[in-house]
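Let me begin by presenting the structure, written as structure tokens, before commenting on it.
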Amino acid sequence: MDSLLLMVIIIVFFSLVFDFINGFHDTANAIATSVSTKALTPRRAIILAATMNFLGALTFTGVAQTITSGIANPFDLDNGLMVILAALIAAIAWNLITWVFGIPSSSSHAIIGAITGAVIASAGFSFVNYHGFISIVEGLLLSPILAFIVGYIIYSIIKVIFQNSNLAKTNKQFRRVQILTAAIQSYAHGTNDAQKSMGIITMALIVGGMHKTTDVPFWVQLSCATAMALGTSIGGWKIIKTVGGKIMKIRPVNGVAADMTGAAVIFGATMIHLPVSTTHVISTAIMGVGTAHRIKGVNWGTAKRMVITWVITLPITAIFGAVIFFVLNSIF
């Protein structure tokens, strides 16, 4: 088999592994609140999340095109396939490390940091598309802040509307609504997260001379959607416990407000072709809701640990990507 074709096949495999891990790593993002409030059983929540993730992943490709050319121009990379493989291995390693410790880390930060580090190791700083990179990082940084603010506002409005309602009846009603909002949030998650692997595979096809544009082939879209859905079906129980219960005690009304916030921010980013961290968005949406409900009810210790992980993910995965590139390049 031609070595170029073999490398592309290996990259496709690792991309789907990354998508699969992203599925079970980020399952908690979409369903943690509905599981913690008992709006859905864990089994039903995961089936719902897997289905809606799959449908969401088949709907859009704009974010994938941003990943394909936003960090580096794939047409300019001489050793591009090795760069992509190193980035994938680095991102997968970080995702597994944070999953083992139950920390809601960002798969988006991981792959973007890893690609940047590998590109720098391969070709130098001048080959990084700084305009695209800065735009992506700005989106990653601003989206959690926006989610916190929107979550605070939405829950504040809900509090005013239902201030004279019976608490038990209100929770029962919102528990039903939460099934719908969990489905919407899972769909939004699929529209953004699955596209990162689509963009990576498309980049590999371009570098390998097997594709001429940044348009995502349908087989790539279908493969990534399937891998993420299968990963989602496994579920990330350690992270579900952190997102669903360790940030704050979530009631159905809190869950609905957080789900609505997360879905709105993620879907808005998808519409402007911007990759965001669903982990960051949903976690900070819960924090915003919790602050509006009762600021002392938020476990700021857990929140601080999560924020530290978010901050260190980009530089650590960039280092991972660079080191793994040097290792692979020396071997092959």
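Please treat every number below as a calculation from the coordinates, not as lab data. Remember, it's a predicted structure, so these values are computed and weren't measured experimentally. Please note: Cβ atoms are built from the backbone with ideal geometry, for glycine as well, and neighbour counts cover all protein chains shown.
Brief remarks on what is shown
- Normalised by the number of residues in the stretch 3-325, the mean separation of alpha-carbon contacts (under 8 Å, six or more apart) gives a relative contact order of 40 percent.
- In the chain, the longest principal axis of the Cα atoms and the axis of helix 42-57 are about 50 degrees apart.
- FRET E, pair THR59, HIS131, Förster distance 30 Å, beta-carbon r, rounded to 0.05: 0.65
- Inter-probe distance in nm under a simple model that places probes 7 Å from Cα toward Cβ, at LEU4 and LYS249: 6.3
- Cβ charges +1 (Lys, Arg) and -1 (Asp, Glu), total dipole of the chain, debye: 2020
- Using a Förster distance of 51 Å, the FRET efficiency for LYS212-SER165 (Cβ separation, nearest 0.05): 0.30
- Spatial offset of the stretch 253-301 relative to the stretch 14-60 amounts to 16 Å, using the alpha carbon center of each.
- Chain lengthening between PHE101 and LYS296 when straightened (0.36 nm per residue, less Cα-Cα): 67.7 nm
- Exceedance of the 24 Å cut-off in Cα-Cα distance is limited, within the set LYS159/LYS296; LYS159/LYS249; LYS38/LYS304; LYS38/LYS169; LYS172/LYS304; LYS172/LYS249, to LYS38/LYS304; LYS172/LYS304.
- Taking the Cα centre of the stretch 176-319 as reference, the dipole from Cβ charges on Lys and Arg (+1) and Asp and Glu (-1) amounts to some 740 debye.
- Structure-derived Rg/Rh (Cα atoms, Kirkwood Rh): which label, when the choices are (1) 0.96; (2) 1.00; (3) 1.06: (2)
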